[in-house]
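Contents: one structure, followed by commentary.
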Amino acid sequence: MTKSRPDAPRAFFEAEAAGLRWLAEARAVRVAHVVDVAAGRIELERIDEVPPSRAAARRFGAQLARLHAAGATAFGAPPEGWDGPLFIGRRPMARADSHAWGAFYARDRVLPFLEIAVSAGTVTLEEERDVRRACDVVSEGAFDDDEPPARLHGDLWTGNVLWSDDGVVLIDPAAHGGHRETDLAMLQLFGCPHLDDVLDAYDAERPLRDGWRERVPVHQLHPLAVHAAGHGRSYGRALHQAALAALRAADAA
């Protein structure tokens, strides 16, 4: 499987390759092998896809828990050994060296994309105020805990989860150090076959903290902001609704 992009930013595909290798080093969930990478192109092993199964979903849930447990040096940390830029989809993504999750998440994963979305007209000024209020609450530590930085795929929507005879294979990461609930929230946002089995097996392997379901909208602020920045008004509305839900979750905590 070869992808190419003549107008790719500097180190675009090299960043993808670094992310794939970092995830593979955890020896947890299978990750597409990088055959070759160069400026403007990347070649990955071919993955023969099969229909998803509950058994494969449960294996994936446990494997994902082990991937997250492999950890990262800090929230916002890039793949170990990678000193180039980070991307999510086609957009640049900030790197950080933070030991406070909420401050990092609001500053580097939500607000930069919110500003683009407002400029694009996909988020209204009234909605922007509510999203910024939610970011203030997150930044102040309302959802901080003692979870260590997890090794995140970072763009874990269903299109990047391939099903093979050997189980799930991950592609196209935006790999970085973050909170493990963010990967799970993205799976729930965009759907995943046999999602309940994935989540149940994850929780059995590495139990989630009480209240994680109520925090899902908090962790969906990032992917929704990214999508609102480039994929239309519906994502701007969804981002606003997630921000309101995050504010309610903070009030209830």
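In region 161-174, is there at least one residue being at negative phi, of a type in the set (Asp, Glu) and open to solvent by less than 20 Å² (accessible area, probe 1.4 Å)? It would help to see each step written out before you state the result.
Of all residues in region 161-174, those at negative phi come to 161-166, 168-171, 173-174.
Subsequent filtering for residues that are of a type in the set (Asp, Glu) retains 165-166.
Narrowing the set further to residues that are open to solvent by less than 20 Å² (accessible area, probe 1.4 Å) leaves none.
Checked region 161-174: no residue is at negative phi, of a type in the set (Asp, Glu) and open to solvent by less than 20 Å² (accessible area, probe 1.4 Å).
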Hey, does region 21-38 have a residue that's exposed (fewer than 14 other Cβ atoms within 10 Å of the Cβ) and in contact with a Ser or Thr (Cβ under 9 Å, 6 or more places away or on another chain)?
yes
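Which of the residues that make up region 105-137 are basic (Lys, Arg) and touching a residue at least 12 places away in the same chain (Cβ under 8 Å)?
Within region 105-137, Arg107, Arg109, Arg132, Arg133 meet the criteria.
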Within region 95-132, the count of residues that are touching a strand residue (DSSP E or B) at 6+ places or on another chain (Cβ under 9 Å) and assigned to a loop (DSSP other than H, G, I, E, B) comes to 5
Inset, instruction - Would you confirm whether any residue within region 115-129 is charged (D, E, K, R), open to solvent by less than 70 Å² (accessible area, probe 1.4 Å), over 21 Å from the mean Cα position of the chain (by Cα) and under 19 Å from Val218 (Cβ atoms)? - result: yes
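One line per residue, one yes/no per condition, for (1) modelled with pLDDT of 95 or more; (2) part of a helix (DSSP H, G or I); (3) touching a helix residue (DSSP H, G or I) at 6+ places or on another chain (Cβ under 9 Å); (4) surrounded by 16 or more Cβ atoms within 10 Å (Cβ to Cβ):
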| position | (1), (2), (3), (4) |
| --- | --- |
| Asp197 | yes, yes, yes, yes |
| Asp200 | yes, yes, yes, no |
| Trp212 | yes, no, yes, yes |
| Pro223 | yes, yes, yes, yes |
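If you go through region 162-193, how many residues are assigned to a helix (DSSP H, G or I) and either in contact with an Asp or Glu (Cβ under 9 Å, 6 or more places away or on another chain) or closer than 20 Å to Arg27 by Cα (or both)?
Taking region 162-193 as the starting set, the residues that turn out to be assigned to a helix (DSSP H, G or I) are 180-190.
Then drop every residue that is not either in contact with an Asp or Glu (Cβ under 9 Å, 6 or more places away or on another chain) or closer than 20 Å to Arg27 by Cα (or both), which leaves 180-181, 183-184, 186.
Total meeting the criteria: 5.
Can you tell me which of Arg109, Arg132 is of a type outside the set (Phe, Trp, Tyr) and open to solvent by 20 Å² or more (accessible area, probe 1.4 Å)? Let's see the steps before the verdict.
On the way: Arg109 fails: open to solvent by 20 Å² or more (accessible area, probe 1.4 Å).
After ruling out the rest, the residue left standing is Arg132.
The values are calculated or read from the model by the stated rules, or taken from the named source; none is laboratory data. Computed from a prediction, not measured in an experiment: that's the story for all the values here. Using ideal geometry, Cβ is built from the backbone for each residue, glycine included, and neighbour counts are taken over all protein chains shown. Just the protein is used for accessible areas: all its heavy atoms, side chains included, with ligands, DNA and RNA removed. Shrake-Rupley method; radii C 1.70, N 1.55, O 1.52, S 1.80 Å.
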